[in-house]
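This report concerns only the one structure given below.
The values are calculated or read from the model by the stated rules, or taken from the named source; none is laboratory data. Computed from a prediction, not measured in an experiment: that's the story for all the values here. Heads up, the Cβs are rebuilt from the backbone with ideal geometry, glycines too, and the neighbour counts pull from every protein chain shown. Please note that ligands, DNA and RNA were not included when accessible areas were found on the heavy atoms of the full protein model with its side chains. Shrake-Rupley method; radii C 1.70, N 1.55, O 1.52, S 1.80 Å.
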Amino acid sequence: MNLGKVTSALCLSASLSLPSMATDLINLKELPEWIQTASAREATVAQRGKVAIEQFNVDGEVIGEVVHAEGEDGTWYYNFNIGTASPVECYVFTEFDGAANSLHSIIEYSLSGAETLNKKELTDKFNFAVDSGVIGDTPYLLLDTLYKLSDGKAPVLGTLKGLAARTNDTLQVCVHNEMGYRSTFFEVFESFVNLFTKTEAQPEFFEMVHQITLNGMAVGYAREKYSVDSDNDVHQLTDTAFLIPVDANNVMRSDTLNDAWSRQDGSLINGYEHNIENGELASEFSIEFKDESWLVSGQMQGKEVNSTLEYNGWLLSSIGSYRAAAELLASDETSAEYQLWTSQADPTSAMKIVVSKLTDDNNANIKVDMGPMVLKYHSDEQGVMHNGVVMQGGMELGFAPLYSKGTPQP
């Protein structure tokens, strides 16, 4: 289990207190009957269109007729007719903030477009639904928004649906500005994303995607990929994305990328990570071992940080977290201590963690104490977490597997 992504996720959510809820944040039964009827609509799309982007070896069919396509400077735009009043609009980005921040930005941009098209001002918007899942091995985020436009006369009510998925080299974002057609829209998005994933190289010996829930609500995902280089070192790549409703109208957005290298024994060689929150770079750090010391450099909330850790010993890497659990379960020991570094906890110091066996919990056999945070999860003999819960105070963050390939042993 990548303990760095656990601390990142919990640090992000620590200031929130949310009730348990399902994916839908608005009860349709409380809305007018015509909205309920419109929201239940689906369609069978017979049209097929071709999308080709030579740069990414993309060349194939998608669901829907391509009405308009354009692309330049690392951004491509497609307009698909699916037989509904509004088209599906899809974007491809080579430079982006992440799935959460970019999806939110496109939704805000599309709401502005709805104002212009209807010649009415946006007077209300509500978080309609949030969710996360996978298309094959690729995680996605969902954000639906119910909105109201008005000019003092007849108001316009609408639902803007949005989906985003990050592949190896690009980010795909699609929106559909019409009530209903949820499954139809997802099928179009799925066919679009599949164009970018079917030709991807897959050098990873181990890959995991977890859905992340906050007090029972699906709010994001965490994806980990591990591959081995020519020196037999392990390349670790983790990206985590969240969309967390903070009230009826707004969502907190966070995207974190961790790119690091580890030795086969699970010890960290060096690493880089950055976090973007609500459209702004919140932190960016690198860590390396030089002159018998761990050097950390970067910035947090615009303030430069350069620090030498007081601790200069062995640091547990993310692939090492899996092996720590596996070794403990296979031994006669009841617990083990490690030192871990993650910028989301305290970038200027190492964190001591204690990994313990659990014998009296039906849902977990491993517990990890990380300062005020406690992670409990069920691990298999390879150290892979199948279900986990992080607790701090009254906050509960859940991790459930959506996809896995291989084992942590290359």
Next on the checklist: Could you tell me how many of the residues in segment 311-333 are in contact with a strand residue (DSSP E or B) (Cβ under 6 Å, 6 or more places away or on another chain), open to solvent by less than 20 Å² (accessible area, probe 1.4 Å) and not hydroxyl-bearing (Ser, Thr, Tyr)?
Outcome noted: 6
Item to check | Search result, residues across segment 256-265 that are under 30 Å from Asn127 (Cβ atoms) and either assigned to a loop (DSSP other than H, G, I, E, B) or in contact with a Ser or Thr (Cβ under 7 Å, 6 or more places away or on another chain) (or both) | outcome: Thr256, Asn258
Checklist entry - Glu284: surrounded by 16 or more Cβ atoms within 10 Å (Cβ to Cβ), of a type in the set (D, E, K, R) and touching a His at 6+ places or on another chain (Cβ under 7 Å), yes or no? => result yes
Item to check | Which listed residue, of Arg48, Arg41, is in contact (Cβ under 8 Å) with a residue 24 or more places away in the chain and of a type in the set (D, E, K, R) | outcome: Arg41
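One line per residue, one yes/no per condition, for (1) modelled with pLDDT of 95 or more; (2) of a type outside the set (A, V, I, L, M, F, W, C); (3) out of contact with any helix residue (DSSP H, G or I) (no Cβ under 6 Å at 6 or more places or on another chain):
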site: Val58; (1), (2), (3): no, no, no
site: Ile63; (1), (2), (3): yes, no, no
site: Gly74; (1), (2), (3): no, yes, yes
site: Asn81; (1), (2), (3): yes, yes, yes
site: Val88; (1), (2), (3): yes, no, no
site: Phe93; (1), (2), (3): yes, no, yes
site: Leu103; (1), (2), (3): yes, no, yes
site: Ile107; (1), (2), (3): yes, no, yes
site: Ser110; (1), (2), (3): yes, yes, yes
Checklist entry - Does at least one position in segment 77-93 carry a residue that is without any contact (Cβ under 8 Å) to a residue 60 or more places away in the chain and among the charged types (D, E, K, R)? => result no
Item to check | Output for segment 291-332, where each listed residue is assigned to a helix (DSSP H, G or I) and either over 29 Å from the mean Cα position of the chain (by Cα) or farther than 14 Å from Ile269 by Cα (or both) | outcome: Ser321, Tyr322, Arg323, Ala324, Ala325, Ala326, Glu327, Leu328, Leu329, Ala330
Checklist entry - If you scan segment 238-250, which residues turn out to be among the hydrophobic types (A, V, I, L, M, F, W, C) and at pLDDT below 95? => result Phe242, Ile244, Val246, Ala248
Next on the checklist: surrounded by 17 or more Cβ atoms within 10 Å (Cβ to Cβ) and touching a Leu at 6+ places or on another chain (Cβ under 6 Å): is that true of Phe128 in this structure?
Outcome noted: yes
Checklist outcome for this item: Phe285: passes all of (1) more than 20 Å from Asp97 (Cβ to Cβ); (2) assigned to a strand (DSSP E or B); (3) touching a Pro at 6+ places or on another chain (Cβ under 8 Å) but (1)
Checklist outcome for this item: Of the residues in segment 385-397, those that are open to solvent by 10 Å² or more (accessible area, probe 1.4 Å) and out of contact with any Asp or Glu (no Cβ under 7 Å at 6 or more places or on another chain) come to Asn387, Met391, Gln392, Gly393, Gly394, Met395, Glu396
Checklist outcome for this item: Contact list, first residue from segment 125-146 and basic (Lys, Arg), second anywhere and open to solvent by less than 30 Å² (accessible area, probe 1.4 Å), beta-carbon distance below 9 Å, six or more apart or interchain, is Lys125/Leu111; Lys125/Thr145; Lys125/Leu146; Lys125/Tyr147; Lys125/Leu160
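One line per residue, one yes/no per condition, for (1) touching a Leu at 6+ places or on another chain (Cβ under 7 Å); (2) of a type in the set (Asp, Glu); (3) within 17 Å of Asn258 (Cβ to Cβ):
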position	(1), (2), (3)
Gln299	no, no, yes
Lys303	no, no, no
Glu310	no, yes, no
Ser335	no, no, no
Next on the checklist: Considering only residues that are surrounded by fewer than 22 Cβ atoms within 10 Å (Cβ to Cβ) and touching a helix residue (DSSP H, G or I) at 6+ places or on another chain (Cβ under 6 Å), which ones fall in segment 172-201?
Outcome noted: Gly180
Checklist entry - What residue, among those in segment 131-171 that are in contact with a Pro (Cβ under 7 Å, 6 or more places away or on another chain) and over 29 Å from Glu224 (Cα atoms), is surrounded by the fewest Cβ atoms within 10 Å (Cβ to Cβ)? => result Lys148
Item to check | In segment 335-374, residue most open to solvent (accessible area, probe 1.4 Å) [restricted to those that are under 20 Å from Gly266 (Cα atoms) and β-branched (Val, Ile, Thr)] | outcome: Val354
